[in-house]
Amino acid sequence: MIQLYENPGWGSAIVELQLAFYGLPYSLITAGNVHQDPIARAALGRVNPLIQVPTMVLPNGEVMTESAAMTLLLADLAKSDALVPRARAKDRAAFFRWLIFLVASIYPSFVYSDAPERFVPGNGGETYQLNVIEHRKSMWKVMEAECARRGGPFFLGKRMTAIDFFLACMVHWRPREDWFKAETPNLWRAAETVSALPQVAAAYKRNFG
Ligand SMILES: N[C@@H](CCC(=O)N[C@@H](CS)C(=O)NCC(=O)O)C(=O)O
């Protein structure tokens, strides 16, 4: 069985929702506050030297980090193209482009803003954090424009993909729900649409209430 190191509402939710969607068997291990708790840091660090969630351990013991890599692998394991367009499918290029944008550009901004004292000592932290969040907002606006152009209800248009699962989780993170509803209504709609899927209902509730 796949093991997922998680914290409710954290990036592990992106993976948990996909595991639930595919109906793959998995078990959860709560990582705890890896920003502050040295015991939690040491425990996760023994599995993943990055000390990040999501961390996934495959049935053969192989450790996986990186939510995008897990997303691609889970589609393979599930033998499904429901969330990852198959090779040469029409939406494959756009899927790759925006999946990688999410994890290479937007997601790292949380590492830089969630514990700013790691990067900016002293009182500079707050301004720095606000600036990172402003930069993140500008990246979300780029995704919003693309989503609007494609017409919904999903990020890529009529085709649901794992990108919508990332959105379903990330709209709960700073700048948080009210900002997304007001400023990126198309992203919000894509997030809401997949959050309502019966296959993910229990996992979604566990993470976001
Ligand atoms: N590149 C990783 C990023 C994972 C990540 O940043 N996770 C956050 C929680 S949502 C984390 O564990 N942060 C702890 C830290 O940065 O020390 C992925 O895509 O899975």
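The values are calculated or read from the model by the stated rules, or taken from the named source; none is laboratory data. Note that the structure is predicted; figures quoted are calculated from it, not measured. Glycine also receives a Cβ, built like all others from the backbone with ideal geometry; neighbour counts cover every protein chain displayed. Calculation scope for accessible area: heavy atoms of the full protein, side chains included, ligands and nucleic acids excluded. Shrake-Rupley method; radii C 1.70, N 1.55, O 1.52, S 1.80 Å.
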Mean separation of Cα contacts under 8 Å (6+ apart) over length of region 92-197, as relative contact order %: 25 percent
Carbon plus sulfur fraction of accessible area for region 72-209, probe 1.4 Å, in percent: 55 percent
Cα-based equivalent ellipsoid of the chain: semi-axis lengths in Å, sorted from largest, via gyration tensor: 26, 24, 15
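How long is the gain from residue 27 to residue 183 if the chain were fully straight, where each residue apart is worth 0.36 nm and the alpha carbon distance is subtracted?
52.5 nm
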Local net charge near residue 137, Cβ-Cβ under 13 Å (Lys/Arg +1, Asp/Glu -1): 0
Among 66, 117, 177, residue whose mean-square fluctuation peaks in a GNM of the chain (springs only between Cα atoms under 10 Å): 117
Alpha-carbon Rg/Rh ratio, for region 92-197, with Rh computed the Kirkwood way: 1.01
Ranking by accessible area, most exposed first, for 193, 30 with a 1.4 Å probe: 30, 193
Modelled FRET efficiency - R0 25 Å, residue 201 with residue 128, Cβ distances, 0.05 increments: 0.05
Most mobile of 162, 43, 20 in a GNM of the chain (Cα contacts under 10 Å): 43
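Find the lysine pairs in the chain meeting two conditions, Cα atoms under 19 Å apart and a separation of 8 or more places or different chains, and report how many there are.
Total qualifying Lys-Lys pairs in the chain comes to 4.
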Whole-number accessible area per residue in Å² for the chain, which is evaluated in the context of all protein chains at 1.4 Å: 48 Å²
